[in-house]
Structure formats: structure tokens, C-alpha cells
Amino acid sequence: MNVGFSGFSPSNLPHSNQESLENLKIRMIIEKLKIREKQVIAHEMAHKAVGGRYTGSV
């Protein structure tokens, strides 16, 4: 799983640190996805606002 830590390899870290690094990467990805989800919802709501009764539910 690569999230922008180029040039860094966790293979030389102790096992518990590797797990912590993986958990951190996963949390970072989740936070990025939450931000993107909010952006997409706002974008779709803008479509709904313009389309009024001619658009479906969001």
C-alpha cells in the first residue's frame, strides 16, 4: 500500500513499529476518503439545487 512515502521502507523497523506505520497509513487514507466524500456530496447537492424538481434524490 503506497500513500506517498516514497523512498521509505518499513522492512527494517521492528514488527510493532511496522504495524503502527501500517495503521497510520490506513488512518491517513480513511481521512482522505472522508474529505473526498464530503466534496462529492457537496458537488451532488449543487446539481440538486440547480435542477430542482427535475433531479432525483441525492
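The values are calculated or read from the model by the stated rules, or taken from the named source; none is laboratory data. Since the structure is predicted, the reported quantities are computational estimates derived from the model, not experimental observations. All Cβ positions, even for glycine, are placed from backbone atoms using ideal geometry, and neighbour counts span all protein chains on display.
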### Task
Output the number of residues of region 18-33 satisfying the condition of being at pLDDT 85 or above and either surrounded by 13 or more Cβ atoms within 10 Å (Cβ to Cβ) or touching a helix residue (DSSP H, G or I) at 6+ places or on another chain (Cβ under 8 Å) (or both).
5
### Task
Within region 33-58, work out how many residues are in contact (Cβ under 8 Å) with a residue 12 or more places away in the chain, in a helix (DSSP H, G or I) and either touching a Gly at 6+ places or on another chain (Cβ under 9 Å) or not acidic (Asp, Glu) (or both).
2
